[in-house]
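Before I ask anything, here is the structure I am working with.
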Amino acid sequence: MQKKIAVLPGDGIGTEVTRGAVEILKAVADRYGHDFQFEYGLIGGTAIDQTGNPLPEDTISLCKDSDAVLLGAVGGPKWDSNPSHLRPEKGLLGIRKQLNLYANLRPISFYASLSEASPLRKEIIQDADFMIVRELTGGLYFGKPSGRTMESGQETVVDTLLYHRYEIKRIIELAFSLAEQRRGKVTSVDKANVLESSKLWREVAEEVSKDYPNVALEHMLVDNAAMQLIRNPRQFDVVVTENMFGDILSDEASVLTGSLGMLPSASISSKGPNLYEPIHGSAPDIAGQNKANPIAAILSAASMLRNSFGLEQEAQAVEAAVEAVLEAGFRTADLSGSGTNTLSTEQMAEEIKISMLGHEAIT
Ligand code: NAD
Ligand code: IPM
Ligand code: MN
């Protein structure tokens with residue numbers, strides 16, 4: 001199979017973890033006889049430094065001409081005091097909008113070998129397995145007006161939480177169709193006791209649920225959901241929510257797996273190309289030290305193999321290799337504990353590659 005993959009490493013550990021994920025994709029191509037072409041593009045702070053623009057036109061056309069996009073992370077203290085339009089994060093929001101990536105799928109699963117890495121007790125996190133379906137191109141991140149003005153001599157700021165009905169409907173429909181293939185439960189998270197946007201969200205969820213008789217719908221207020229996620233995560237199957245709630249709840253959910261460095265994501269549109277990225281950021285506190293966990297990026301690459309290329313066997317081989325390496329006691333610093341072997345970013349990617357190739361060679 002021949003595929004063109006746009007690679008946008010971005011900033012900080014984005015470049016380090018993306019290198020690991022590309023290594024794994026190359027190994028998959030070699031092992032299974034595929035031809036993956038990698039083309040690199042600039043995004044975020046690195047793009048600002050080199051072109052004055054967090055999302056250069058070349059990057060947009062590269063992504064649109066590719067079969068899938070692999071992204072690292074953007075941002076860092078160097079650009080934190082830039083004006084809004086010159087922030088690295090604008091590049092990320094821009095590419096999501098340009099590619100119409102309205103849904104961000106963030107799966108959370110329990111790794112038995114990592115049960116000691118989570119601050120939560122094993123009985124709580126054991127067998128947790130759910131999917132956060134985060135709306136990605138609407139809500140507070142994109143609503144207008146947004147900005148700072150002077151009103152009656154006072155600095156005044158506004159952000160707008162705006163949704164059109166069709167935007168709510170398509171993300172909730174996606175959540176239901178995923179739940180149909182999973183355990184048949186959708187938890188729609190909102191703040192319908194306060195927000196107009198959430199009231200419409202709830203109405204639409206009720207309407208959509210009529211088309212899915214085999215899926216149970218429950219509504220949950222976001223503050224309660226934040227608590228339930230760590231009190232009893234096993235109650236969740238598919239969680240669907242608006243952009244910012246999904247952002248916050250998914251970082252929280254990463255604690256179940258032991259590290260933010262474990263959670264991959266797939267950002268999808270109705271016609272592709274889709275974009276795959278870890279949920280974590282550029283981690284300025286550990287950037288440049290070759291100690292970031294590349295697993296979220298590598299699992300994002302596995303998701304690309306499955307969801308963009310239909311390569312289920314290859315995706316499973318990568319996922320199985322990640323599991324085997326963790327079971328063997330290999331850890332990056334974020335996960336390390338007693339009796340484990342602490343590896344650098346590069347060494348972790350290499351171990352996963354060796355495990356994948358070794359396993360495949362004997363089957
Ligand atoms: P962050 O996700 O970068 O880091 C939070 C904490 O988790 C840090 O202690 C970090 O060291 C740790 N961490 C994150 N990923 C890790 C990994 N793979 N391995 C080991 N440890 C890991 O969040 P932050 O510090 O709040 O934000 C830093 C910058 O990243 C900001 O500029 C922010 O805007 C940006 N950001 C970008 C994305 C993205 O590009 N998708 C996502 C989140 C944050
Ligand atoms: C993420 C990040 C981004 C978001 C930021 C960097 C704009 O936190 O991908 O989760 O909030 O969507
Ligand atoms: Mn986030």
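Just so it is clear, none of the values below were taken in a lab; they were calculated from the coordinates. As the structure is a prediction and not an experimental result, all values here were calculated from the model. Heads up, the Cβs are rebuilt from the backbone with ideal geometry, glycines too, and the neighbour counts pull from every protein chain shown.
What about residue 237, is it among the acidic types (Asp, Glu), under 24 Å from residue 303 (Cβ atoms), more than 16 Å from ligand 3 (Cβ to nearest atom) and under 18 Å from the mean Cα position of the chain (by Cα)?
For residue 237, the condition - among the acidic types (Asp, Glu), under 24 Å from residue 303 (Cβ atoms), more than 16 Å from ligand 3 (Cβ to nearest atom) and under 18 Å from the mean Cα position of the chain (by Cα) - is met.
Table: residues versus (1) basic (Lys, Arg); (2) within 25 Å of residue 89 (Cβ to Cβ); (3) in contact with a strand residue (DSSP E or B) (Cβ under 7 Å, 6 or more places away or on another chain); (4) part of a loop (DSSP other than H, G, I, E, B).
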{"residue": "250", "(1), (2), (3), (4)": "no, yes, yes, no"}
{"residue": "270", "(1), (2), (3), (4)": "no, yes, no, yes"}
{"residue": "313", "(1), (2), (3), (4)": "no, no, no, no"}
{"residue": "334", "(1), (2), (3), (4)": "no, yes, no, yes"}
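Any idea which of (1) on the phi > 0 side of the Ramachandran plot; (2) within 16 Å of ligand 1 (Cβ to nearest atom); (3) free of Cβ contacts under 8 Å to residues at least 40 places away in the same chain is the one residue 76 doesn't satisfy?
(3)
Inside the range 288-311, can you point out the residues that are buried (at least 19 other Cβ atoms within 10 Å of the Cβ), in a loop (DSSP other than H, G, I, E, B) and among the hydrophobic types (A, V, I, L, M, F, W, C)?
292, 311
Out of the residues in the range 72-117 that are in contact with a Leu (Cβ under 6 Å, 6 or more places away or on another chain) and among the polar types (S, T, N, Q), state the one that is surrounded by the most Cβ atoms within 10 Å (Cβ to Cβ).
Selected residue: 104.
Report, by residue number, each residue of the range 24-73 that is β-branched (Val, Ile, Thr) and without any contact (Cβ under 8 Å) to a residue 60 or more places away in the chain.
Matches in the range 24-73: 43, 46, 48, 51, 59, 60.
Is it true that some residue in the range 153-167 is in contact (Cβ under 8 Å) with a residue 24 or more places away in the chain and either polar (S, T, N, Q) or part of a helix (DSSP H, G or I) (or both)?
Of the range 153-167, the ones in contact (Cβ under 8 Å) with a residue 24 or more places away in the chain are 161-165, 167.
Cutting the leftovers down to either polar (S, T, N, Q) or part of a helix (DSSP H, G or I) (or both) gives us 165, 167.
Checked the range 153-167: at least one residue is in contact (Cβ under 8 Å) with a residue 24 or more places away in the chain and either polar (S, T, N, Q) or part of a helix (DSSP H, G or I) (or both).
Considering only the range 212-240, state which residues are surrounded by 15 or more Cβ atoms within 10 Å (Cβ to Cβ) and assigned to a loop (DSSP other than H, G, I, E, B).
212, 215, 236, 237
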